[in-house]
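The values are calculated or read from the model by the stated rules, or taken from the named source; none is laboratory data. The structure displayed is predicted, hence computed values, not measured ones. Methodologically, a virtual Cβ is constructed for each residue, glycine included, from the backbone with ideal geometry; neighbour enumeration extends over all protein chains shown.
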Amino acid sequence: MAWEMNKLLDVALQQGASDIHLTVNKPPSFRIRGDIKSLKTESLTAEDMISLMKQITPDHGQEEIAEVGSHDFAIGFEDKARFRVNVFKQMGCIAMVLRQIPSEILSMEQLNLPDHLKELIMRPRGMILVTGPTGSGKSTSLAAMIDYINANCHHHIITIEDPVEFVHPHKKSIVNQREVHNDLPTFSEGLRRALREDPDIILVGEMRDLETISAAISAAETGHLVFGTLHTTGAARTIDRIIDAFPMNQQEMVRTQLAGNLVAVVSQALLPKADGKGRVAAFEIMILNAAISNLIRESKTFRIDSTIQTSANQGMILMDDFIFKLLQQGLVTLEEALLKAKDQAYLTRKVTEAGIAT
């Protein structure tokens, strides 16, 4: 069978798949509502995979796959959708995962992002971090925040992404989107250049190394609002991850920088809905106040969770408390709630005290 990527993309959209998995000795498979399901058809051969890869991968990407074994990029499918693509080698053969990027940028209201985040993202300077594991919706939330600023402010917004996912039209703001490997070599280089491009807002798609983290903190210090992402769960772990990226002799300085420039950490997770129809987001929100600033400066991040709990009137909430609210509303099952909980014993205790049937 001669496989065509366009036909696979079409079937994926028809079936409501979030991801497409292609590998040898297995039929094309789709992730639908969290589960991977294979098409009832022939398995892909090594030759099929090479053909499918060549249909969508640019020449420089094919060279990178040959040299280092993988390549990331994004593709548009007619006017229907965009996909983030990772091509990689496994057992000497080609494999691919394509994740659908919704063509429509959802609003903060549609994503149920807390209202008070709108005030935070209108700050003139500082750093806002959106964190969570892969597939937790970080890019979707960031796109909604950038779109809100774009629609309401006369700013210059620069995004540095690998690859560019959501494409932002110019509204009240000018939005320039730079893609690592195509428009610039690295995130850190993009950040350095961005400071000379008169930005108001800088979005860093991933703060993956010391050089990028350091450049992002410096940009926030010099009067810009910086958005960044990390693959961490929870505010306290996020701060520890940033500090631990630096050598010991620089960590005290970094604590001081974060204590003075961090605006908020929004950590998120996606849980399957109890009715099986889609997924719902759970959030942990830490907003920098004097107490948390002092805890960061004094290297007492282990006390941040309790400070978040006692600062609910300032719009803060722990992930497990947000998940508990979803459970009370009947939106998620107890099993899924416990799977995503940071502290299962704490959530179990709350469930027992509330008399929720287990």
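Brief remarks follow.
- Single match in ALA143, ALA74, ALA66, ALA95 (criterion: surrounded by 13 or more Cβ atoms within 10 Å (Cβ to Cβ) and in a helix (DSSP H, G or I)): ALA143
- Under the condition of being more than 22 Å from GLY137 (Cα to Cα) and among the acidic types (Asp, Glu), the residues counted in the stretch 201-233 number 2.
- Some residue of the stretch 281-296 being among the charged types (D, E, K, R) and without any contact (Cβ under 8 Å) to a residue 40 or more places away in the chain: no
- Subset tally (residues that are more than 16 Å from ALA219 (Cβ to Cβ), part of a helix (DSSP H, G or I) and polar (S, T, N, Q)) for the stretch 248-270: 4
- Scanning the stretch 130-140 for residues that are part of a loop (DSSP other than H, G, I, E, B) and in contact with a Leu (Cβ under 6 Å, 6 or more places away or on another chain), we see that the one that is surrounded by the fewest Cβ atoms within 10 Å (Cβ to Cβ) is GLY137.
- So ASP240, is it more than 30 Å from THR333 (Cβ to Cβ), in the same structural domain as PRO124 (by TED's automatic domain parsing) and touching a helix residue (DSSP H, G or I) at 6+ places or on another chain (Cβ under 7 Å): yes
- Subset of the stretch 142-163 that is touching a residue at least 60 places away in the same chain (Cβ under 8 Å) and touching a Gly at 6+ places or on another chain (Cβ under 9 Å) - its residue that is nearest to ALA341 (Cα to Cα): LEU142
- Every listed requirement among (1) closer than 24 Å to PHE166 by Cβ; (2) of a type in the set (Ser, Thr, Tyr); (3) in contact (Cβ under 8 Å) with a residue 40 or more places away in the chain is met by THR212 save one, (3).
- Search result, residues across the stretch 44-62 that are part of a loop (DSSP other than H, G, I, E, B), of a type outside the set (A, V, I, L, M) and surrounded by 14 or more Cβ atoms within 10 Å (Cβ to Cβ): THR45, THR57
- Between THR301, THR333, THR352, THR348, the distinction of being farther than 18 Å from ILE287 by Cβ, in contact (Cβ under 8 Å) with a residue 24 or more places away in the chain and either in contact with a helix residue (DSSP H, G or I) (Cβ under 7 Å, 6 or more places away or on another chain) or not aromatic (Phe, Trp, Tyr) (or both) belongs to THR333 only.
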